[in-house]
1. Kindly provide the set of residues from the range A:45-62 that are within 18 Å of B:VAL8 (Cβ to Cβ) and touching a residue at least 60 places away in the same chain (Cβ under 8 Å), ordered by number.
2. Can you spot a residue in the range A:42-61 that is on the phi > 0 side of the Ramachandran plot and of a type outside the set (Val, Ile, Thr)?
3. Regarding A:ASN69, is this residue under 30 Å from B:TYR51 (Cβ atoms) and modelled with pLDDT under 90?
4. I'd like to verify a number: residues in the range B:11-56 that are within 24 Å of A:SER55 (Cα to Cα), crowded, with 18+ Cβ neighbours inside 10 Å and touching a residue at least 40 places away in the same chain (Cβ under 8 Å), how many?
5. B:ILE45 versus (1) more than 7 Å from chain A (Cβ to nearest Cβ); (2) more than 19 Å from A:LYS90 (Cβ to Cβ); (3) out of contact with any Lys or Arg (no Cβ under 8 Å at 6 or more places or on another chain); (4) of a type outside the set (S, T, N, Q): which is the lone unmet condition?
6. Kindly indicate the residue of the range A:26-36 that is within 7 Å of another protein chain (Cβ to nearest Cβ) and in contact (Cβ under 8 Å) with a residue 12 or more places away in the chain and also farthest from B:LEU13 (Cα to Cα) among those meeting that condition.
7. So which helices (runs of 4 or more DSSP H) are wholly in the range A:1-47 and hold at least 1 residues that are surrounded by 15 or more Cβ atoms within 10 Å (Cβ to Cβ), touching a Pro at 6+ places or on another chain (Cβ under 6 Å) and not basic (Lys, Arg)?
8. Is it the case that the range B:14-27 has a residue that's within 7 Å of chain A (Cβ to nearest Cβ) and outside any helix (DSSP H, G or I)?
Amino acid sequence: MSFMAELIISSLLILGGLFVLVGSIGLLRLQDLYVRLHAPTKATTLGLGSILIGSMVYMYNTQGYISVNELLITLFLVITAPVTAHILAKAAMHHRVKVMERTRNQHLIEKARMQMPPTSADADQGDKESDKA
Amino acid sequence: MLDIAVIVVASMLSLALVLNLWRLIIGPHVVDRILALDTMYINSIALILLYGIYNKTPLYFEAALLIAMLGFVSSVAFGKYLLRGDIIE
């Protein structure tokens, strides 16, 4: 294996590992459930994407062909990560999970529980302090 | 150099797995625990891929694809059960 190829693969792997670690630290340290939904998506797409691109380059160097198996995994994760986050957020809204005070549009949670769409009267009513800033 | 990099990344991923386990234990609500479980699935996919690179075989990528699908389906099934009380109505 040439030195350049090893360098590229190692840097891609380490970058992916760093993203996964940061995502897991975010999952542990963020305050609210709805905020915590943000963290693992970065770990999933960026972290695993980098590791998978690194393994693609590695397989091309050792086996001689481009294996699209890793590309399939990345595509699958990119497609299904928003679906998972949507369903978990919906389940949390139905169970009335405690919301941070800074969250906007909290009045729409009750409407979503009744499965009613928001009307034009429910304009964006965030808290007034952040609107002044 | 590649062996050292693989060992470093494997230790980072193991630390991430332990942090997810901590969130699984202390999560005050069920949805926290489902999120932690889903993230543990993703981290174990990465760990399996690293093991395949370490052993220089392309054999483990099918296992990684399987675990990705299983993780997604199990998370959606948990969420559906929380929403409706039933997985398939």
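1. The answer is none; no residue qualifies.
2. no
3. Judged against the criteria, A:ASN69 is a match.
4. So the count comes out to 2.
5. Failed condition: (1).
6. A:LEU33
7. Result: A:3-29.
8. no
The values are calculated or read from the model by the stated rules, or taken from the named source; none is laboratory data. Only a predicted model underlies this, so the values are computations on that prediction, with no experimental measurement involved. Reconstructed Cβ throughout: ideal geometry from the backbone, glycine too, with neighbour counts over all protein chains shown.
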